[in-house]
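Peer 1: Right, I'll just put the structure down here and ask away after.
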Amino acid sequence: MLHDMIEKIEHFAQIQGDFPVYNVLGEVHTYRDLKENSDSLAAYIDFLKLEEKSPVLVFGGQEYDMLATFVALTKSGHAYIPVDQHSALERIEVILEVAEPSLIIAVGDFPLEITNIPMITLDQLQTIFAQKSEYQLTHPVKGDDNYYIIFTSGTTGKPKGVQISHDNLLSFTNWMISDKEFSVPERPQMLAQPPYSFDLSVMYWAPTLALGGTLFALPKELTTDFKRLFTTINELPIEVWTSTPSFADMAMLSTDFNQETLPHLTHFYFDGEELTVKTAQKLRSRFPKARIVNAYGPTEATVALSAVAITDEMLKTCKRLPIGYTKEDSPTFVIDENGKALPNGEQGEIIVSGPAVS
């Protein structure tokens, strides 16, 4: 069982320091790199004397520097707010207004003129990494402290910051790495495609770091160049695919996306959209031996609260695929408008409780 995400990453840096943690189109970074870079940045953040536990906005794409920055912020006791570099300017402005971050770390080129918040640019960040400062963990994110804040669209259309604590993250990660529906491989070789601003990304990075695996990042620029995208995917030694169903549909536009081309790809995890019977059937025909997992959950319940491995029987008989079995530590009910629990088969509102709820 995982008790602390940072302690686990530190552990892997000690026992498998040379093992790859991140691979971006052949640019490889190890667990030792991750420790050294995050230590240096954490030391620098402490030097800045930001308000204790204040959130920090991290702007960028699928770069390794994003992951190293997240780990550094967790070490130094700050929640991070991941914002994708392809976000609309209005959305970035609203997030700044709502979140009031004490610092901006811009891995990508920040598109707004900011004078009232300190900023670390990519050049500065890489200079900080190169200093190789040592760091002692004295005040990392723990317990109910916010681990990350993901901004969703919100029911009103105005971005809403969902605060996920370290305990929330542990509840989700421990479920995922122990649950038989997911059956996550040891040291998973995991596709890292959904942007960090989308909580589906937690479904790939959290189990990978918890089990000492490798993340294979796909920069968003690739997804607009189909030829390059298909060529790149087919060359990745990935075991686990995590995405929305629509991204898998896009990959299946290539006839080469199959078990013969990708013999190591044995697990598909889906969340964020409905997995249709049609998509699952097509995927089963391409990867007949692979495990296809359908997961469901709102951001406020930490990524997902239920999951099921899709069976051939479901593909034959279901008009819509089930969203699975709920986590053991998260009692979930269907209630009517008066708050009364309903029996099986009745429609109502889903209420989830437990340690994964924001």
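The values are calculated or read from the model by the stated rules, or taken from the named source; none is laboratory data. Note that the structure is a prediction, hence the values are computed from the model and not measured. We place every Cβ from the backbone using ideal geometry, glycine too, and count neighbours over all the protein chains shown.
Peer 1: On the basis of being touching a Pro at 6+ places or on another chain (Cβ under 8 Å), touching a residue at least 24 places away in the same chain (Cβ under 8 Å), closer than 21 Å to Asp84 by Cβ and surrounded by fewer than 22 Cβ atoms within 10 Å (Cβ to Cβ), does Lys158 make the cut?
Peer 2: Judged against the criteria, Lys158 is not a match.
Peer 1: Criterion first (assigned by TED's automatic domain parsing to the domain that holds Ala192, part of a loop (DSSP other than H, G, I, E, B) and either over 20 Å from Lys180 (Cα atoms) or touching a Ser or Thr at 6+ places or on another chain (Cβ under 6 Å) (or both)) does Gly339 satisfy it? If you could, list the steps in order and put the result at the bottom.
Peer 2: Values: assigned by TED's automatic domain parsing to the domain that holds Ala192: no; part of a loop (DSSP other than H, G, I, E, B): yes; either over 20 Å from Lys180 (Cα atoms) or touching a Ser or Thr at 6+ places or on another chain (Cβ under 6 Å) (or both): yes.
Considered against the rule, which asks whether it is assigned by TED's automatic domain parsing to the domain that holds Ala192, part of a loop (DSSP other than H, G, I, E, B) and either over 20 Å from Lys180 (Cα atoms) or touching a Ser or Thr at 6+ places or on another chain (Cβ under 6 Å) (or both), Gly339 comes out as no.
Peer 1: Please state which one of Lys282, Lys289 is at pLDDT 95 or above, of a type in the set (Lys, Arg) and part of a loop (DSSP other than H, G, I, E, B).
Peer 2: Lys289
Peer 1: List the pairs whose first member sits in region 162-186 and is in contact (Cβ under 8 Å) with a residue 60 or more places away in the chain, whose second member is of a type in the set (Asp, Glu) and part of a helix (DSSP H, G or I), and whose Cβ atoms are under 6 Å apart, counting only residues at least 6 apart or on separate chains?
Peer 2: Partner pairs satisfying both residue conditions: Val162/Glu300.
Peer 1: List every residue pair whose Cβ atoms lie under 8 Å apart, where the two residues are 6 or more positions apart in sequence or sit on different chains, the first residue falls within region 275-304 and is within 27 Å of Val357 (Cβ to Cβ) and touching a residue at least 12 places away in the same chain (Cβ under 8 Å), and the second residue, located anywhere, is β-branched (Val, Ile, Thr) and part of a helix (DSSP H, G or I).
Peer 2: Thr302/Val202; Val303/Val202
Peer 1: Additional query: When the residues of region 90-106 are filtered to those that are closer than 26 Å to Thr127 by Cα and among the small types (Gly, Ala, Ser), which remaining residue is nearest to the chain's Cα centre (by Cα)?
Peer 2: Here the answer is Ala106.
Peer 1: Within region 224-246, track down each residue that is farther than 19 Å from Pro263 by Cβ, in a helix (DSSP H, G or I) and of a type outside the set (D, E, K, R).
Peer 2: Thr224, Phe226, Leu229, Pro245, Ser246
Peer 1: Here is a further query. Quickly run through region 267-306 and pick out the residues that are closer than 23 Å to Tyr148 by Cα, aliphatic (A, V, I, L, M) and either surrounded by fewer than 21 Cβ atoms within 10 Å (Cβ to Cβ) or in contact with a Gly (Cβ under 7 Å, 6 or more places away or on another chain) (or both).
Peer 2: First, the residues of region 267-306 that are closer than 23 Å to Tyr148 by Cα: 269-273, 295-306.
Narrowing the set further to residues that are aliphatic (A, V, I, L, M) leaves 295, 301, 303-305.
Within region 267-306, Ala295, Val303, Ala304, Leu305 meet the criteria.
Peer 1: Confirm whether Asn23 is within 18 Å of the chain's Cα centre (by Cα), of a type outside the set (Lys, Arg) and surrounded by 15 or more Cβ atoms within 10 Å (Cβ to Cβ). Please lay out each step first, then the result.
Peer 2: Details: within 18 Å of the chain's Cα centre (by Cα): yes; of a type outside the set (Lys, Arg): yes; surrounded by 15 or more Cβ atoms within 10 Å (Cβ to Cβ): yes.
Answer is yes for this residue.
Peer 1: Continuing with this model, one more query. Take region 253-279 and flag every residue that is in contact with a Pro (Cβ under 8 Å, 6 or more places away or on another chain) and assigned to a loop (DSSP other than H, G, I, E, B).
Peer 2: Within region 253-279, Gln259, His264, Thr266, Gly272, Glu273, Glu274, Leu275, Thr276 meet the criteria.
Peer 1: Is it true that some residue in region 300-307 is over 16 Å from Met203 (Cα atoms), part of a loop (DSSP other than H, G, I, E, B) and not small (Gly, Ala, Ser)? Talk me through it step by step, then tell me what you get.
Peer 2: Taking region 300-307 as the starting set, the residues that turn out to be over 16 Å from Met203 (Cα atoms) are none.
No, there is no match, as no residue in region 300-307 is over 16 Å from Met203 (Cα atoms), part of a loop (DSSP other than H, G, I, E, B) and not small (Gly, Ala, Ser).
Peer 1: Still on this structure: Can you tell me how many residues within region 75-117 are within 25 Å of Ser165 (Cα to Cα), modelled with pLDDT of 95 or more and part of a loop (DSSP other than H, G, I, E, B)?
Peer 2: Going through region 75-117 one residue at a time, the tally reaches 10.
Peer 1: Something else: Could you please find all residues in region 61-97 being under 25 Å from Glu27 (Cβ atoms), crowded, with 23+ Cβ neighbours inside 10 Å and of a type in the set (Gly, Ala, Ser)?
Peer 2: Matches in region 61-97: Ala68, Ala72.
Peer 1: Could you go through region 180-190 and let me know if any residue there is in a strand (DSSP E or B) and of a type in the set (A, V, I, L, M, F, W, C).
Peer 2: Scanning region 180-190, I find at least one residue that is in a strand (DSSP E or B) and of a type in the set (A, V, I, L, M, F, W, C), so the answer is yes.
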